[in-house]
Structure formats: C-alpha cells, structure tokens
Amino acid sequence: MAISVDARGLACPQPVILTRKALQEVVTGEVVVLVDTMTQVYNCTRAAEKLGWQVTCTEKGDIFELTLRKQA
Amino acid sequence: MRAFRSFLATRPGIVLVGLVLGGLAVTLQKYGNPPNMGICVACFTRDIAGALGLHRAAAVQYLRPEIPAFCLGAFIAALAFREFRPRTGSAPFVRFVLGLFAMIGALAFLGCPWRAMLRLAGGDWNAIAGLVGLIVGTAVGVQFLKLGFSLGRSYPTGTVAGLAMPFVMAVLLVLAFLHPQAGDNAALFASRDGPGSRHAPLLFSTIAGLIVGFLAQRTRFCTVGGIRDVILMRDFHLLSGVLAFLVAAFVLNLVYGQFYPGFTLGTNPDGTVRAQYAAHTVHWLNFAGMVLAGLAFTLAGGCPGRQVFLSGEGDGDAGMFVLGMLTGAAVAHNFLAVGSGPNAAAMVLAGLVVVVLIGTFGREKLPVAR
C-alpha cells in the first residue's frame, strides 16, 4: 500500500515539507500526494524530482493526484 | 490533463519574468513613480490607505493603481488558465494579524521585499540591512514550519467569496480613474508633495500592474518564497526569478541614470545630510523591521506581492492578509511608527513578540496518512 500525503488546502511550503518528509521516510517505492492548486503541483513535483523521484499527475475534479515513484 | 508544465513554470520562464518585472519597476520610476519605488507592495498599499483616509500622513496619499491591477492581472490569468479556485478557512483572522505586523515591519524599513531589491539596485546601501533581516526572518519562519507550524487547511468555497477581492480591487481601480472628490477634507485624498505626489501616468501604471499580476500568477513569483526554498531544500527556482528582477533593475537603473550609490546622497550646501529617497540609516531598525516582515510573510506562505496575486486567484485567506496590510499601514502611520519614527522600535518589538507567539503556538496536526 502506497503512502499518501493529503496536502489539500495547505499554504506554501507545507505541501512540500510533508512530501519531503514522506519521501525521506520511505526512501524508494510509491507515494501519492493530493494537492488542490497548480502551485502545489509544481512545488511538490520540483521537490520530488530533486530527490530523484519520478512524478506523474492526474487531475480528479478539483484535486490533483501526484504519483511519485522511485526504483529501489 | 493539460500541459503538465508551461514554459513560465520552468527556470528560463521565471528568469525571463523576473527580468520583465524588474525592468518594468524601474521604468515606472523613470516615468514618475518615486525613486527606488517603482513597485512596492507595502508603500503602495500604504498610499492607498492614505487615499482612502485611513491615515493622515499627507505625503503618502495616492490611490496607486498598481495594487488593484496586480490582483486583477492575477485574476485574469487564473480565469484564463482555469486556476481560479475560491477557497478560504485557513485561520483568516490570524492571517489578518500577520499582514498587519508584516506591514509594520516593512514600513519601519520603508519597503516590501520588492522595494528592498529596488533600493539595492538603485544604490541605496541601507537596503542591505533590510535584506539581511528579511533572510533572517524567513529562516526563523522556516524553522517554525519545520517544527510543524500550520494555520490549517483552506477549503473550497463559493464563487462569490472568491470574487470578493477582485471585485473590491476593481472598484479601487475605477476610483483611481474617476478620482471622485467628496468635498473639502474628504476622500479620495491625494498628496500635493512627497512620495504620494510622484507617480507614473495612470494608464501606464495600470497596464504595467496588469502585466505584473498576470506574469506573477503564471510563474508564482515570490520573493520570500525564493529565500525560503533555498533555506528549506536548496531549491533555487524562485530565487532565480528574484535575482533576475534585481539584475534587470540594476542594469536599467544604470541605463536610465537612476543609480546613486551610498548610505546617503551626500550633504546639502547648508551641511545637512541628504538621505536616500524614502530611507533612513538606522541599520538595526532596518534589520529588525524586515526580520518581523520576513517572519510574518513566511508564516503566511508568501511575500506581500504573492498575497495580492493569490487573492486574485480566489484565495480569501490571502485577501485577509492584504486587508491586514492595509490596516497595518494605517496603524503604523497613525502611531508614528514608520521609518525611524519615535514609536517604530516599540511597534516592531511588539510585532516580533506577537508573530513569534503565533509561530510557536500555531499548530495543527497534519498526519501523513498511510
């Protein structure tokens, strides 16, 4: 089961802090991050890519689901 | 899913926008805005407070069209790119208080982070203490955030709530053009001399403001965010835009002949010191004011410009921060706490106490769900 981070409705830079925390905790695998603004999509994507994770984004209504993956 | 990342969200994009914004700012100075004050969210919000009669400082009253245009430019960009999302509920009153004290700190220094850079780009070395203060304040804010500071989530709200701030700003912009005079000693007030009397042509300021708002919304340009992201995770994305702003302003200042280096501008024939424009040389106060501002901006999630742009995107909490700044400007002037004024130190100290208390006790559990 992938770890998920619910960062909806949080102001900068909290979504990034929560995402980094989760990524540093699991090291590799899959993490799902929920955000609700494009700003946070960009911010969390940049933060994850910086740590070597691959990011895909799907829009589900008003919510963006970021799937972060890193091979072991 | 639309284009995952537009050009403006890339590093070259934000650098380009930083260059445009910095260039526009000093060009506004060339065409009439006060020296080293082409764009200043703090000063201009303060001037608007004066125009509305919220304070009585006769030299700083003018309904600056740039601020409403920033909000409306961001509003247009958000609508055009389907990013207009009415939302609120993340401790609006605390954000009002943060906005109020951020403004008190910024006005002790005499400028927002944007103006701090414009002052530096114009040769006003007093800006250095302010910028160091801004970095320190932001660093302290980052520590609070790392320890779990949060003002809680915002939640989607109705369209009316999201439109409220753009509507208010549109009314201000219309007022700026119509400039109604209710009568003697009544709003709108307009300075006859001093910074409030110096402004670029209304239409130029408005168009420049709309461009700034539009581009800033697309790039998420944020001065405090730039410093914060470097401290938090060595990410230079936003800072590269901020540095581009500084470089463009500096180069164009040289081109326009607007660069006057020094802590002061020398002495007058009668021996008195000529200060840099809208600046003072009390370095510790420049520093402390911007520590307060930087901390308050960081806890609220962004610099004053960013708060205005967010309010245009439908963020009602950012709108409360902007109203806090408007009120803070009035408080700072009415209580003589602006610049090196007699009560500036006391007000900045009080602000630091309040904002540190908010940073210490503002906690909301945000667990990482498994």
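The values are calculated or read from the model by the stated rules, or taken from the named source; none is laboratory data. Every value quoted in this text rests on a predicted model; they were computed, and no experiment measured them. Every residue, glycine among them, receives a Cβ derived from its backbone with ideal geometry; neighbour counts consider all protein chains shown. The accessibility values were calculated without ligands, DNA or RNA, using every heavy atom of the protein model including side chains. Shrake-Rupley method; radii C 1.70, N 1.55, O 1.52, S 1.80 Å.
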In percent, what relative contact order does chain B have, based on Cα pairs under 8 Å that are 6 or more apart in sequence? 37
Among B:LEU238, B:LEU172, B:TYR277, whose Cα sits farthest toward the positive end of the charge dipole of the protein assembly as shown (+1 at Cβ of Lys/Arg, -1 at Cβ of Asp/Glu, about the Cα centre)? B:LEU238
Taking each residue of B:143-155 in turn, how many C-beta atoms of other protein chains fall within 10 Å of its C-beta, and what is the average? 3
Of B:GLY305, B:GLY158, B:GLY196, the most mobile residue in a GNM of chain B (C-alpha springs, cutoff 10 Å) is B:GLY158
Among B:ILE104, B:ILE48, B:ILE135, the residue with the largest mean-square fluctuation in a Gaussian network model of chain B built from Cα contacts under 10 Å is B:ILE135
Listed residues B:PHE93, B:PHE204 arranged by accessible area, highest first, probe 1.4 Å: B:PHE93, B:PHE204
Would you kindly find the accessible area of B:VAL255, with a 1.4 Å probe and non-protein molecules such as ligands, DNA and RNA excluded, rounding to the nearest 10 Å²? 100
Give me the percent relative contact order of the range B:267-370, please, defined on Cα pairs under 8 angstrom at least 6 residues apart. 25
Let me cross-check A:GLU25: its accessible surface, 1.4 Å probe, with only protein heavy atoms counted, in Å² to the nearest 10? 110
Sort chain B into rounded, prolate or oblate with this rule: let a ≥ b ≥ c be the square roots of the eigenvalues of the Cα gyration tensor; rounded if a/c is under 1.5, and if a/c is not under 1.5, prolate when a/b is larger than b/c, oblate otherwise. rounded
Suppose every K and R has +1 on its Cβ and every D and E has -1 on its Cβ; what is the size of the dipole of the protein assembly as shown about the Cα centre, in Debye to the nearest 20? 680
Result for interface chain A to chain B, accessible surface buried in total, 1.4 Å probe, Å² to 100, stands at 3100
Give me the 1.4 Å probe accessible area per residue for the range B:109-227, excluding ligands and nucleic acids, in Å². 39
Specify which residue in the list A:PHE64, A:ALA7, A:ALA22 is farthest towards the positive end of the charge dipole of chain A, using unit charges on the beta carbon of Lys, Arg (+1) and Asp, Glu (-1), about the Cα centre. A:ALA22
Output needed: Cys residues of the protein assembly as shown lacking any neighbouring Cys C-beta below 4.7 Å, sorted by number. A:CYS12, A:CYS44, A:CYS57, B:CYS71, B:CYS112, B:CYS222, B:CYS303
Using a 7 Å offset from the Cα along the Cα-to-Cβ direction at both B:LEU203 and B:VAL20, what is the distance between the two label points in nm, to one decimal? 2.1
Calculate the dipole size of chain A relative to its Cα centre from +1 charges on Lys and Arg beta carbons and -1 charges on Asp and Glu beta carbons; express the result in debye to the nearest 20. 260
For chain A, I need the span (max minus min coordinate) of the C-alpha atoms along each principal axis, in Å, sorted largest to smallest. 32, 22, 18
List the residues of the range B:205-243 for which accessible area in the full set of protein chains is at least 50 Å² lower than for the chain on its own; 1.4 Å probe, protein heavy atoms only. B:ARG220, B:LEU232, B:MET233
Relative to the present Cα-Cα distance, how much length would full extension add between B:PHE177 and B:VAL160 at 0.36 nm per residue of separation? 3.6 nm
Please work out how much length the chain gains when fully extended from B:VAL356 to B:PHE335, using 0.36 nm per residue of separation minus the C-alpha to C-alpha distance, in nm with one decimal. 5.4 nm
Please report, as a whole percent, how much of the solvent-accessible surface of the range B:125-268 comes from carbon and sulfur atoms (probe radius 1.4 Å). 71
Per the range B:84-220, sqrt(5λ) over the Cα gyration tensor eigenvalues, sorted largest first, in Å, gives 29, 25, 16
Quick one: putting +1 on the C-beta of Lys and Arg, -1 on the C-beta of Asp and Glu, what dipole do you get for chain B around its Cα centre, in Debye to the nearest 20? 940
Provide the solvent-accessible area of B:MET325, counting protein heavy atoms only and rolling a 1.4 Å probe, rounded to the nearest 10 Å². 0
Residues of the range B:275-303 losing 10 Å² or more of accessible surface, assembly versus chain alone, probe 1.4 Å, please list them. B:GLY301
Sorted list, accessible surface of protein heavy atoms, 1.4 Å probe, largest first, for A:VAL55, A:VAL35 is A:VAL55, A:VAL35
With a ≥ b ≥ c from the Cα gyration tensor eigenvalues, square-rooted, and the rule rounded for a/c under 1.5, otherwise prolate when a/b > b/c and oblate otherwise, the range B:248-311 is oblate
Using Cα positions and a limit of under 14 Å, work out the aspartates and glutamates in reach of B:LYS146, with same-chain residues fewer than 8 apart set aside. B:ASP229, B:GLU364
Which residue, B:VAL160, B:VAL282, B:VAL60, has the most motion in a Gaussian network model of chain B that connects Cα atoms within less than 10 Å? B:VAL160
Provide B:SER197, B:SER205 ordered by accessible surface of protein heavy atoms (probe 1.4 Å), highest first. B:SER197, B:SER205
Checked against the positive end of the charge dipole of the protein assembly as shown (+1 on Cβ of Lys and Arg, -1 on Cβ of Asp and Glu, about the Cα centre), the farthest of B:VAL308, B:LEU72, B:THR10 is B:THR10
Suppose all protein chains stay in the model; what accessible area per residue would a 1.4 Å probe give for the range B:305-356, in Å²? 30
Helix-only [θ] at 222 nm, chain B, -39500 (n - 2.57) per DSSP H run of 4+, per residue, nearest 500, equals -20500 deg cm²/dmol
